[in-house]
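Trainee: Take this structure first; my questions come after.
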Amino acid sequence: MSAARLSPLNVTALALGLAFLYGPILLVVVFSFNASRLATVWAGFSTGAYRGLLDNAALMSALWTSLRIALVSACVATVLGTLAALALVRGGRFLGRGMFTGLLYVPLVLPEVVTGLSLLLLFVALDLGRGTVTVAIAHVTLAMSFVTLVVQARLIGFDRSLEEAARDLGASPLQAFFGVTLPIIAPAVGAGFLLAFTLSLDDLVLASFASGPGSTTLPMYVFGQARRGVTPEINAVSSLLIAAVALTLVTVTLLMKRRAGASLAR
Amino acid sequence: MSGVVHPPGEGGKRRAPSKRRWGSRLVLLAPALWLALFVLVPLLIVVRMSVSESVRARPPYRPQLPASLDPELWREALGELTLDNYRDLAASSLYGEALLTSLGLAFVATAIILVSGYGIALAVARAPQNWRMILLAAVVLPFWTSFLVRVYAWIGILKSDGWLNQAFLALGLISAPLAILNTNAAVVIGLVYAYLPFMILPLHASLEKQDPALLEAAADLGASPLRRFWTVTVPLSLPGIVAGSLLCFIPMVGEFVVPELLGGTETLMLGRVLWSEFFSNANWPLASAIAVVLLAILILPIVALRESERRRQEAAS
């Protein structure tokens, strides 16, 4: 589309759309600084809700549980997802390729309640005690498909002759992978890791099915509170989550920009 | 199809092809095993559970499959499998209603998202080049913030003493607060809000590719703006419309969080019914039967989505 053909109608759609998308989030952030316990009536500025968070043992433990699960599951999902992408792009044809891509696709499209239920029934059948480990397994299963998508896209656009050149110069396949391929696909692998981390930190349904007593995650805690209504504390937790994600995104964008700039300069 | 043939485009010299193949097999092994154990087997267990019988015991279903390989025990156990759960689902109006509500609300929300998302995606695609990426990022950014928080935000907005009613009362638009929270309307609002970015991305991808010369040609030939929109822009963006609608519709049918937080007791959606059968009633076989029904309903849209994505990939390469 050529530039500068925005009609007034287009501008209105855009303005309304952005207001709709950001309004609710802004309200949550603003009212997290509300002095009143009645979360929706403004009664003056206060940071009380935030100060109360640190003393909330249940919340802190849920946060810690979530961070641990997110870190571990994102690492495993990144490795498995990258391997799957390599197998799909580089493996050529292999027996069961259709099955493999099909199974990779399932967690992306299946309703979360179905995935959660099916995993829980597996854990019961295996007699695996439910806790942080089972939640992490569930999150790996969900996130590795997303990682594969991201890395696959990068691998398809990858100039294979670079790798061939390294092999011609006598590099072993592993050397060629770590010396040539990995640095080139690194931004996609990094993006996949962050996506996996965010998915894990945000997941409620899978965690509810796969967790046991003592492994309440942050979304499970927030959900339990939110069911009872809106409070400044939940607004504050939500605002912190929003801030954390925004910060991560800005960092990633800056990092990727710098990388792109550096590789252009070379 | 032959597995021996080398893929085309992979010609040239190859060092020790057999070694190379072993390497790629090893790469495949870990993810393949993971998928088999944590995707395929669990789904099979759900199907098997859905033909079991619910009992008040631990574990709460029977028959248990025998641990030994004795064919007699197996024959007996398999003989006890039953379709009763599906009969229960078909017989009770509750589940039929939940099915219709799920499909209905997902359909209405998808339609609203399509119309509003089209307006936004069109504006982004027509913005000046250097603005486009920023606008697209701005539209997609909320998708990255917590799903739960985004749904939760609407409780504060929609409840009777919430921000929307406060604003309407202050403006004199209404004289008494509207009851929106805990209705189907609130669920549709929540679904639209949560899934809007899913629509905008594929729509933008297909709108951005359109050649503006086509619209100019139509204008030169005397077509009105409205006519240009319906006969040029919309047909060309059809792949984006299909992909975006399916991306929204499929997860919405099985949605749990939105109806649970924003819906009322009468907002029965399949995801919520499955949840309560499992967690509240501890009826694992019935919950599994609902899962199988959800799968059966969604299999067609899922295949269609996969097909549309495959076609898009082929067009891109």
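The values are calculated or read from the model by the stated rules, or taken from the named source; none is laboratory data. Since this is a predicted model, take the numbers as computed values, not measurements. Every residue, glycine as well, gets a Cβ built from its backbone with ideal geometry; the counts of neighbours run over all protein chains shown. The protein model used for the area step is the full one, side chains on, heavy atoms only, and it has no ligands, DNA or RNA in it. Shrake-Rupley method; radii C 1.70, N 1.55, O 1.52, S 1.80 Å.
Trainee: Have a look at A:Leu162, A:Leu110, A:Leu86 and tell me which one the Gaussian network model of chain A (Cα, springs below 10 Å) gives the largest fluctuation.
Mentor: A:Leu162
Trainee: If you line up the long axis of helix A:182-202 against the longest principal axis of chain A, both from Cα atoms, how many degrees apart are they, to the nearest 10?
Mentor: Orientation of helix A:182-202: about 30 degrees from the principal axis.
Trainee: How far is the Cα center of the stretch A:158-189 from the Cα center of the stretch A:192-216, in Å?
Mentor: 34
Trainee: Which of the listed residues, A:Leu67, A:Leu126, A:Phe94, is farthest toward the dipole's positive end in chain A, when Lys, Arg count +1 and Asp, Glu count -1 at the beta-carbon?
Mentor: Checking the options against the dipole of chain A, the answer is A:Phe94.
Trainee: Where does the protein assembly as shown land on Rg(C-alpha)/(2.2 N^0.38 Å)?
Mentor: Details: Rg = 25.8 Å, N = 583, 2.2 N^0.38 = 24.7 Å.
Output field value: 1.04.
Trainee: Please give me, ordered by residue number, the GluC sites (Glu not before Pro) of the stretch B:240-317 that lie in loop per DSSP and have at most 12 other Cβ atoms within 10 Å. Mind dumping the intermediate values first?
Mentor: Details: sites: B:Glu255, B:Glu260, B:Glu266, B:Glu277, B:Glu307, B:Glu309, B:Glu314; in loops: B:Glu255, B:Glu266.
Filter output for the stretch B:240-317: B:Glu266.
Trainee: I would also like to ask the following. Counting other Cβ atoms within 10 Å of each Cβ, which trypsin sites (Lys or Arg not before Pro) in the stretch A:79-164 have at most 15 and sit in a DSSP loop? Write out the running numbers ahead of the final one.
Mentor: Details: sites: A:Arg90, A:Arg93, A:Arg97, A:Arg130, A:Arg154, A:Arg160; in loops: A:Arg93, A:Arg130.
In loop regions of the stretch A:79-164 (DSSP not H, G, I, E or B), the sparsely surrounded trypsin sites (Lys or Arg not before Pro) are A:Arg93.
Trainee: Also, quick follow-up: Are there any residues in the stretch B:147-164 with a reduction of at least 50 Å² in accessible surface when going from the isolated chain to the assembly of protein chains? Probe 1.4 Å, please list them by number.
Mentor: B:Leu148, B:Val149, B:Tyr152, B:Trp163
Trainee: Next question, about the same structure. Specify which residue in the list B:Ile113, B:Ala32, B:Phe143 is farthest towards the positive end of the charge dipole of chain B, using unit charges on the beta carbon of Lys, Arg (+1) and Asp, Glu (-1), about the Cα centre.
Mentor: It is B:Ala32.
Trainee: Grab the DSSP H runs of chain B that are 4 residues or longer, score each as -39,500 (n - 2.57), total them, divide by all residues and round the 222 nm result to the nearest 500 deg cm²/dmol.
Mentor: Details: 15 runs with 220 residues, N = 317.
Using -39500 (n - 2.57) per qualifying helix, the result is -22500 deg cm²/dmol.
Trainee: Other chains near A:19-27: what is the mean number of their Cβ atoms within 10 Å of each residue's Cβ?
Mentor: Working: counts 0, 7, 12, 4, 4, 12, 7, 1, 6.
Shielding by partners across A:19-27 averages 6.
Trainee: How many Å² of accessible area per residue for the protein assembly as shown, probe 1.4 Å?
Mentor: 48
Trainee: To continue, here is another question. Can you give the Rg and Dmax of the stretch A:7-149 based on its C-alpha atoms, in angstrom?
Mentor: 22.2, 66
Trainee: Write out the trypsin sites (Lys or Arg not before Pro) in the stretch A:1-73 meeting two conditions: DSSP loop, and at most 13 other Cβ atoms within 10 Å of their Cβ. Display every interim value, and only then the final one.
Mentor: Working: sites: A:Arg5, A:Arg37, A:Arg51, A:Arg68; in loops: A:Arg5, A:Arg37.
Passing both the DSSP loop test and the Cβ count: A:Arg5, A:Arg37.
Trainee: Could you work out the Rg to Rh ratio of chain B, with Rh taken as the Kirkwood radius (inverse of the mean 1/r over all Cα pairs)?
Mentor: 1.07
Trainee: Now a separate question. Counting only other chains, what is the mean number of Cβ atoms within 10 angstrom of the Cβ of each residue in peptide A:85-96? It would help to have the intermediate numbers written out before the result.
Mentor: Values: counts 2, 5, 9, 3, 0, 6, 7, 8, 7, 6, 1, 3.
Mean shielding count: 5.
Trainee: Treating only the Cβ of Lys, Arg, Asp and Glu as charged (+1, +1, -1, -1), what charge dipole size does the protein assembly as shown show about its Cα centre? Round to the nearest 20 debye. Before the final figure, lay out the partial values.
Mentor: Numbers: 42 positive and 31 negative charges, 366 e Å.
The calculated dipole for the protein assembly as shown is roughly 1760 debye.
Trainee: Now for a different question. Which whole-number percent of Cα pairs in the stretch A:57-229 have a distance greater than 30 Å? Present the calculation step by step, with values, prior to reporting the outcome.
Mentor: Values: 4083 of 14878 pairs.
Cα-Cα pairs in the stretch A:57-229 separated by more than 30 Å: 27 percent.
Trainee: So for the stretch B:146-226, Kirkwood radius off the Cα pairs, Stokes-Einstein at 20 °C and 1.002 mPa s: how many µm² s⁻¹?
Mentor: Values: Rh = 16.2 Å.
Taking Rh from Cα pairs, D becomes 133 µm²/s.
Trainee: Report, to the nearest whole %, how much of the accessible area of the protein assembly as shown belongs to carbon and sulfur atoms, 1.4 Å probe, protein only. Please report the intermediate quantities before stating the final value.
Mentor: Details: 19350 of 28150 Å².
Carbon with sulfur: 69 percent of the solvent-accessible area.
Trainee: Right, another one. Along the positive direction of the dipole of the protein assembly as shown (beta-carbon charges: Lys, Arg +1; Asp, Glu -1; about the Cα centre), which of A:Ala43, A:Ala143, A:Phe20 reaches farthest?
Mentor: Value computed over the given set: A:Ala143.
Trainee: For chain A, find the longest principal axis of its Cα atoms and tell me its angle to the long axis of helix A:132-156, 0 to 90°, nearest 10.
Mentor: Taking the Cα atoms of chain A, the angle to A:132-156 is about 50 degrees.
Trainee: Pick out which of B:Val124, B:Val192, B:Val149 has the largest mean-square fluctuation in a Gaussian network model of chain B, springs linking Cα atoms closer than 10 Å.
Mentor: Looking only at B:Val124, B:Val192, B:Val149, the largest GNM fluctuation is found for B:Val149.
Trainee: How big a patch of accessible area, both sides summed and in Å² to the nearest 100, lies buried between A and B at a 1.4 Å probe? Each step should come with its number before you reach the end.
Mentor: Working: alone 16300 and 20030 Å², together 28150 Å².
Summed over both sides, the interface buries about 8200 Å².
Trainee: Can you give me the solvent accessible area of A:Thr253 with a 1.4 Å probe, rounded to the nearest 10 Å²?
Mentor: Rounded to the nearest 10, the figure is 80 Å².
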